[in-house]
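Here the structure is laid out as structure tokens; the discussion comes afterwards.
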Amino acid sequence: MKLYYSPGACSMAPHIVLNELGLPYEAVEVDLKAHKLVKTGEDYYRINPKGYVPAIRLDDGSLLTEVAAILQYLADRKPETGLLAAPGSMERYRIIEWLTFISSELHKGFSPLWNPAMPEAGKQLAIERLKQRFALLDQHLADKEFLMGPKFTVADAYAYTILNWSYFHKLDLGTYKHLQAYMKRVAARPSVRATAHAEKLAA
Ligand SMILES: N[C@@H](CCC(=O)N[C@@H](CS)C(=O)NCC(=O)O)C(=O)O
């Protein structure tokens, strides 16, 4: 299996999950400005017409895209790890509920902050909206170790990856004590440390 990624991008979520699962994979770095593979200069649009990461090349040669779909595919390779609940269970729908929230409310909520053409007022509106989501997460995590309770799941890999962008954009998580503690807890996991190291994000 191949994972197409860019350091610190949303592709970090499947990268963390691959390390959690201990599945064999090759990580292929994409230059997102040039839309080319860093090592070979190959045109990334020829690999993934969407042009964005993550994408995974499966052993049958097919390509799977979209973070939420990739995370579910990966976790289903090793159901015994509990990174995702059994198909048809209510727990699984709860995890999908989180994946959808993270994708549409957090991941895409950050988009205006990455856009250099976005006026400052637009960025401020996006920040206000994100802060509402942070407050909700903070409340949820007040009595939980992870989003689903005591167990780390694919939703945590995705949430951590996206919330990590707060530091880059200098959004202070200090007022969200439970969320801040959660970020530290997830960052300390061997899979997350290994991913940060592999993506050359670790100090
Ligand atoms: N809907 C996609 C969005 C992926 C996405 O936003 N990828 C960003 C990095 S976090 C990217 O590659 N942007 C570069 C581009 O769109 O050209 C998903 O959920 O996987």
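Table for the structure above
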{"item": "Where a residue in the stretch 1-15 is under 14 Å from residue 191 (Cβ atoms) and its partner, wherever it lies, is modelled with pLDDT under 95, with Cβ under 7 Å and at least six apart", "result": "none"}
{"item": "Odd one out for residue 66 among (1) out of contact with any Ser or Thr (no Cβ under 9 Å at 6 or more places or on another chain); (2) open to solvent by 30 Å² or more (accessible area, probe 1.4 Å)", "result": "(1)"}
{"item": "Residue tally, condition outside the structural domain of residue 171 (by TED's automatic domain parsing), free of Cβ contacts under 8 Å to residues at least 12 places away in the same chain and either of a type in the set (Val, Ile, Thr) or within 16 Å of the ligand (Cβ to nearest atom) (or both), over the stretch 67-125", "result": "1"}
{"item": "Some residue of the stretch 139-156 being touching a strand residue (DSSP E or B) at 6+ places or on another chain (Cβ under 9 Å), within 14 Å of the ligand (Cβ to nearest atom), in contact (Cβ under 8 Å) with a residue 40 or more places away in the chain and open to solvent by less than 10 Å² (accessible area, probe 1.4 Å)", "result": "yes"}
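The values are calculated or read from the model by the stated rules, or taken from the named source; none is laboratory data. Since this is a predicted model, take the numbers as computed values, not measurements. Here the Cβ is made from the backbone with ideal geometry for all residues, glycine too, and neighbour counts use every protein chain on show. Surface accessibility is based on the protein's heavy atoms, side chains included, excluding ligands, DNA and RNA. Shrake-Rupley method; radii C 1.70, N 1.55, O 1.52, S 1.80 Å.
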